[in-house]
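Report on the structure given below.
The values are calculated or read from the model by the stated rules, or taken from the named source; none is laboratory data. What you are looking at is a predicted structure, and each value in this text was computed from that prediction instead of being measured. Note that we place each Cβ from the backbone using ideal geometry, even for glycine, and neighbour counts take in every protein chain shown. Calculation scope for accessible area: heavy atoms of the full protein, side chains included, ligands and nucleic acids excluded. Shrake-Rupley method; radii C 1.70, N 1.55, O 1.52, S 1.80 Å.
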Amino acid sequence: MVHDAVDDGIAYRAELSVRVGDPVLSDDPVLQHDLQLPGSWWNDLAGTLAKVSAAGTDRVAVRQQYMERAIPDFVGIPAPAVSCWTTAHADLHWSNLTSPLRLLDWEGWGQAPEGFDSATLYAYSLLQPDTAARVRAVFSVLGSPAGLAAEATVCAQLLQTVSRGDNLTLAAPLRAWSEELRRR
């Protein structure tokens, strides 16, 4: 189903491909409460993201030019080299996930540095240390040299939103993360 609308001279299109009855895991992208998800859910997520990353596409979710500008400005390091570009959902946060597992909201998918989805999920988990640790445990690319470009990009993106007045609850944890990234 497709719905088109125009408001103030701006055209919008909404496409519904599948109606999902399961509730999202969080009403907010930033996880505000700890989740007790079974190991099978985490395995499903890892397997699904592996399949997504292996899919070929010419779509671009993250541009090298953005990384070269934003990472030095917001993280304070030169943009790390991307060892591998993979396909990413590119908006993987707790408001776009359900249990049983469904990934919602696909309009931004495309090529991004390896580990981009797991770094995004990690960032939106920072207020819940147990969940953040679980994300790191499930996705070994986080903390690795191969994942540095993705982590620095996501950290820069969210610190940029903080500078604009959004995601303010993440400001301190994001700054701590950027300090960690500067030491790597």
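Quick look at the numbers
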| quantity | calculated |
| --- | --- |
| Residue in segment 134-144 that is of a type in the set (S, T, N, Q) and over 26 Å from Val60 (Cβ atoms) present | no |
| In segment 103-148, the residues that are open to solvent by less than 30 Å² (accessible area, probe 1.4 Å) and either at pLDDT below 95 or part of a helix (DSSP H, G or I) (or both) | Phe116, Asp117, Ser118, Ala119, Thr120, Leu121, Tyr122, Ala123, Thr131, Ala132, Val135, Gly147 |
| Any pair with Cβ under 8 angstrom, 6 or more apart, that starts in segment 60-85 at a residue that is closer than 10 Å to Ala152 by Cβ and free of Cβ contacts under 8 Å to residues at least 60 places away in the same chain and ends at one that is open to solvent by 40 Å² or more (accessible area, probe 1.4 Å) and among the aromatic types (Phe, Trp, Tyr) | none |
| Within segment 27-42, considering residues that are without any contact (Cβ under 8 Å) to a residue 12 or more places away in the chain and polar (S, T, N, Q), the one most open to solvent (accessible area, probe 1.4 Å) | Gln36 |
| Residue match in segment 12-19 (condition: open to solvent by 40 Å² or more (accessible area, probe 1.4 Å) and either part of a helix (DSSP H, G or I) or touching a residue at least 40 places away in the same chain (Cβ under 8 Å) (or both)) | no |
| Restricting segment 82-102 to residues that are outside any strand (DSSP E or B) and open to solvent by less than 20 Å² (accessible area, probe 1.4 Å), the residue that is farthest from Ala55 (Cα to Cα) | Trp94 |
